[in-house]
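The values are calculated or read from the model by the stated rules, or taken from the named source; none is laboratory data. Predicted model only: the values in this text are computed from it and were never measured. Cβ placement follows ideal geometry from the backbone for every residue including glycine, while neighbour counts extend to all protein chains displayed.
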Amino acid sequence: MLHSLKITLFGKFNVLYGDEKINGMQAHKVQELFCYLLLSRHQPQSRETLAELFWESLPPARSKKNLRQTLWRLQCILNQDRPELSRLLLQTEGEWIEIDPSHGFSLDIDEFENIYNNVKGRRARELSLDDFKTIQRAVTLYQGDLLEGWYYDWCVIERERLQIMLLMLLDKLIQYCEVHHEFDNGLAYGAEILRRDRAYERTHRQMMRLYYMAGDRTQAIHQYQRCKAALHEELDVAPSKRTQDLYEQIRADVFKPPLFALKKTTAETPELVSALNDVLDRLDGFSQALTEIRTQVKREIATLQNNESVRE
């Protein structure tokens with residue numbers, strides 16, 4: 001097992017074996033090849049594909065030679081006083097090259113993706129406190145965008161994919177905070193999303209609701225104004241009808257949070273009692289309507305039975 005090997009790709013690239021930094025990774029092509037294999041760890045890569053990707057301007061024979069040399073340098077770096085490391089981690093048999101993830105080395109993006117895949121299809125009200133803490137862990141792992149300072153096409157594509165995953169995880173945290181009335185935390189996560197995408201309209205709505213539910217209608221209205229300005233400046237569009245409707249409800253001080261967002265305590269809040277009374281009123285209305293329908297049906301049955309008796 002390679003649990004003592006810790007690789008960081010979020011932010012600046014770094015490799016530790018135990019408490020020591022692995023030296024020799026300064027050569028950029030060595031770093032690039034290693035990082036690409038780590039990002040492709042679930043899919044073996046052909047030598048031909050790698051040679052074309054990293055040395056596309058060179059003739060095939062030369063690019064394959066460069067790949068062999070770079071691969072050899074990477075193996076030598078990993079082998080320094082650790083003869084088992086390269087053999088277990090780096091599989092180079094035949095025409096295929098791959099990182100073997102089965103040996104349990106620590107890779108920040110791998111843990112991040114596993115957490116994302118575990119929660120991506122679940123609603124916020126289905127998440128437990130442990131789930132919430134696990135998502136927080138994923139956000140903490142994101143110490144910076146993938147391989148900051150690298151602008152290769154393959155890296156930019158992966159960076160954007162992971163950025164989207166981060167925004168979705170932050171969105172889960174905001175939803176959880178809204179359901180459980182953790183207003184300050186929810187607003188902090190919302191601010192982090194808007195720092196990355198100030199025109200993310202969904203987050204503006206979430207923050208409007210959080211401010212209002214926390215008793216700060218003024219900030220909820222200011223959040224709408226920030227949303228309106230960001231959408232105009234970034235996308236040259238106006239807020240959606242959904243956002244405008246929410247703003248009008250808040251401005252008129254008539255917004256009611258969804259029932260699932262009403263905090264449930266042993267001493268029920270007035271808001272929850274009011275919402276449940278509304279439900280009872282609707283059920284009473286349905287019950288009355290059903291009673292009237294039942295009475296009318298009985299009358300129809302009686303009329304039909306009487307007519308049948310007359311004909312007999």
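When the residues of the range 3-21 are filtered to those that are assigned to a loop (DSSP other than H, G, I, E, B) and buried (at least 18 other Cβ atoms within 10 Å of the Cβ), which remaining residue is modelled with the highest pLDDT? Give the derivation first.
Within the range 3-21, the subset assigned to a loop (DSSP other than H, G, I, E, B) is 3-4, 9, 11-13, 18-19.
Checking the rest, the ones that are also buried (at least 18 other Cβ atoms within 10 Å of the Cβ) come to 9, 13.
On the way: Leu9: 97, Phe13: 93.
My answer is Leu9.
For the range 96-181, give me every one of the helices (runs of 4 or more DSSP H) that falls completely inside it and has 1 or more residues that are assigned by TED's automatic domain parsing to the domain that holds Thr49, without any contact (Cβ under 8 Å) to a residue 60 or more places away in the chain and surrounded by 16 or more Cβ atoms within 10 Å (Cβ to Cβ). Quick ask: steps written out before the conclusion?
Values: elements: 108-119, 129-141, 153-179.
So the answer is none; nothing clears 1.
Can you name every residue in the range 29-63 that is surrounded by fewer than 17 Cβ atoms within 10 Å (Cβ to Cβ), of a type in the set (Ser, Thr, Tyr) and not in a loop (DSSP other than H, G, I, E, B)?
Ser46, Thr49
Restricting the search to the range 64-82, which residues are touching a helix residue (DSSP H, G or I) at 6+ places or on another chain (Cβ under 9 Å) and surrounded by 14 or more Cβ atoms within 10 Å (Cβ to Cβ)?
Lys64, Lys65, Asn66, Leu67, Thr70, Leu71, Arg73, Leu74, Gln75, Ile77, Leu78, Asn79
Just the residues that are farther than 16 Å from Leu141 by Cα and crowded, with 21+ Cβ neighbours inside 10 Å, please, taken from the range 182-192. So that I can check it myself, show each step before the final result.
Let us first name the residues in the range 182-192 that are farther than 16 Å from Leu141 by Cα, namely 182-188, 190-191.
Gly186, Gly190, listed by residue number.
Anything in the range 211-263 that is modelled with pLDDT of 95 or more, in a helix (DSSP H, G or I) and small (Gly, Ala, Ser)? List them, or say none.
If the condition is that a residue be modelled with pLDDT of 95 or more, in a helix (DSSP H, G or I) and small (Gly, Ala, Ser), then Ala220, Ala229, Ala230 are the ones that fit.
Cβ-Cβ below 6 Å, separation at least six or inter-chain, first residue in the range 238-255 and surrounded by fewer than 19 Cβ atoms within 10 Å (Cβ to Cβ), second of a type in the set (Phe, Trp, Tyr) and assigned to a helix (DSSP H, G or I): which pairs?
Correct list of pairs: Phe255/Tyr212.
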